[in-house]
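Contents: one structure, followed by commentary.
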Amino acid sequence: MKALAKLDQIKLEICPSSPAAETKVSEETERFGEYVNDSFIEDYPESLYTVYEDESIDTKTEQRLVIKDSWDFFRMVCSLLRDKRKYDEVFRKMQLDPVHPYLDSMMGLSDSVDDVSNGESAGAIKYVSQVTKEQYYHMSSKAIIQDLVQQAEMALPSLAEICKALAASLGISEYAVGPVKEVGSAMSKAEVKYDGDVLKVTDFCRAMIIVDDIPTLLALLELATESFSPLIKRVKLSTLQTYRASKPGGYRDCIINLELKGHVCEIAVHLKQMWDICGVDGFMHYRNSLEYSIDSFGYPINALVGLDHLTVSNLIKTAEEAVSGVPLETLEWHNEKVMLDYFCESLLFMHHGLHELAERGFRSLVKLRCQNPEIGPDHPETVMLYQYLKQTLHEQKKTPEADVVAGWILNSEQNRRNTDVPISIWDQLMLDPFESFNKLLIEPIEELIDPSLKERELAEKLQKEVSAGMNAWMKIREQRFKFLDGV
């Protein structure tokens, strides 16, 4: 994995493998400090930056820069995983919308499944592309992109008018158009995603619209397809659907591609709940998640696997400097930046065996997450902190306290459990013995007689959900978007 490989490289850059260096490491990092009257007294070595007597000033400076770079990278990994958890939770709540089953049933236009499952990575199928001109066969990729940029600049005013009309009709206040994609960015995107096929880049001329909820998205799609049907080349809904993958990093949106003046343009339709997590920084989150395979990363502490004692010591020193301006006891729930610093520091303490310090950090972070009205005690972000806190308590043999935290975790899981989750056979036996008899004996016999019974039952259940979702949408449409009848 690229992220872990980078940290392995940092480890090699920071810590020489000579015998002298190894001896120095063991001497300097044997003990960090101790608690005296519940206060931690720092006992750091004179320098935590692997400075040896025979090293030059340039070497020391370089090592400090490597430590700073490694801290920034570890912090980035933690932030990407944090925001992915937030995206996933928002999507979980979106699926509880009564209209969402109807959205699940909708078919996009030229919406490739491979496009989603590969995260639009290199080689992914994409059915829409720019119009091929005869002269392009005799032009370089850069020259073609330059021509596409000129086309995009000509098409941009038309795209702006379309977005303005859609937003005005639906009472949408948040939308933006442009700027046109630059040559270098387009070249890079074509190489990374489309094996160098520059004609697959369809967001030279681009815009975005932010909608409040799923019904507004459905109204926008209906209005756009009715008003501009001949121009629309693709409607990509799949990342918003239950059984389809998100974009790398957890983000989900809707993409509409239109051909204006012979050039394919793009409108990205964002759900406000998704957009508000990262805002305009969402693209950087997506790009880094794709580059470092964040979706397969797991827990952030895994990024520290393989780092030696001295490397982690150096990272802890950098973390201490990062949080020095805001004491933990004065930290407030809305200060995400410093909370991230304290979270990274607590992970470093935990990895280094300083479990009392880690416990202090995780306890404070749990409290702050519970105070956040948009997160609360049952959010996956908070549950993850419970799990780390429980681990640090176990490491300190604080079994009763760890058991209390385990109870918090169980309670959160129960609170989040979907009511559609089936009751186990054994629970059902206590509640309804006759029904349990059917499940244990009658249903297996029915499946032997009719092997497709389960598939049909599932299909019927899904159809009922879709019908209920469509009915919910039609009621909302009648109440909020009656004007669509006249489109």
For the subset of the stretch 265-300 comprising residues that are over 30 Å from SER158 (Cβ atoms) and touching a Cys at 6+ places or on another chain (Cβ under 6 Å), which member is modelled with the lowest pLDDT?
PRO300
With respect to VAL323, is the statement that it is in contact with a Phe, Trp or Tyr (Cβ under 8 Å, 6 or more places away or on another chain), over 14 Å from PHE73 (Cβ atoms), at pLDDT 95 or above and of a type in the set (A, V, I, L, M, F, W, C) true?
yes
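Considering only residues of the stretch 354-377 that are of a type in the set (D, E, K, R) and under 21 Å from ILE301 (Cα atoms), which is nearest to the chain's Cα centre (by Cα)?
Restricting attention to the stretch 354-377, the residues satisfying the condition of being of a type in the set (D, E, K, R) are 356, 359-360, 363, 367, 369, 374.
Within this subset, residues satisfying the condition of being under 21 Å from ILE301 (Cα atoms) are 356, 359-360, 363, 367, 369.
Values: GLU356: 30, GLU359: 26, ARG360: 27, ARG363: 24, LYS367: 23, ARG369: 18 Å.
Here the answer is ARG369.
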Condition set at pLDDT below 95 and part of a loop (DSSP other than H, G, I, E, B), scope the stretch 335-353, selection farthest from ASP308 (Cα to Cα): answer is GLY353
Would you be able to say whether some residue in the stretch 362-371 is touching a residue at least 60 places away in the same chain (Cβ under 8 Å), of a type in the set (A, V, I, L, M, F, W, C) and crowded, with 19+ Cβ neighbours inside 10 Å?
no
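Here is a check on your reading of the model: is SER313 crowded, with 19+ Cβ neighbours inside 10 Å, in contact with a Pro (Cβ under 7 Å, 6 or more places away or on another chain) and at pLDDT below 95?
On the way: crowded, with 19+ Cβ neighbours inside 10 Å: yes; in contact with a Pro (Cβ under 7 Å, 6 or more places away or on another chain): no; at pLDDT below 95: yes.
Here the answer is no, as SER313 does not meet what is asked.
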What are the residues in the stretch 173-186 that are out of contact with any helix residue (DSSP H, G or I) (no Cβ under 6 Å at 6 or more places or on another chain) and surrounded by 18 or more Cβ atoms within 10 Å (Cβ to Cβ), if any?
LYS181
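Conditions (1) in contact (Cβ under 8 Å) with a residue 24 or more places away in the chain; (2) of a type in the set (Phe, Trp, Tyr), marked per residue:
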position	(1), (2)
TYR137	no, yes
LYS164	no, no
ALA190	yes, no
LYS193	yes, no
ASP203	yes, no
ILE209	yes, no
ASP213	yes, no
So which of SER467, SER436 is polar (S, T, N, Q), part of a helix (DSSP H, G or I) and at pLDDT 90 or above?
SER467
Top-ranked residue in the stretch 106-135 [being modelled with pLDDT of 90 or more and of a type outside the set (A, V, I, L, M, F, W, C); ranked as surrounded by the most Cβ atoms within 10 Å (Cβ to Cβ)]:
GLN130
If I ask for residues that are modelled with pLDDT of 80 or more and not charged (D, E, K, R), which ones from the stretch 439-464 would you list?
LEU462, GLN463
All but one of (1) surrounded by fewer than 19 Cβ atoms within 10 Å (Cβ to Cβ); (2) aliphatic (A, V, I, L, M); (3) within 30 Å of ALA143 (Cα to Cα); (4) more than 20 Å from the chain's Cα centre (by Cα) hold for ALA167; which doesn't?
(3)
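The values are calculated or read from the model by the stated rules, or taken from the named source; none is laboratory data. These numbers come from a predicted model, not from an experiment. Neighbour counts are summed over all protein chains in view; Cβ atoms, including those assigned to glycine, are modelled from backbone coordinates with ideal geometry.
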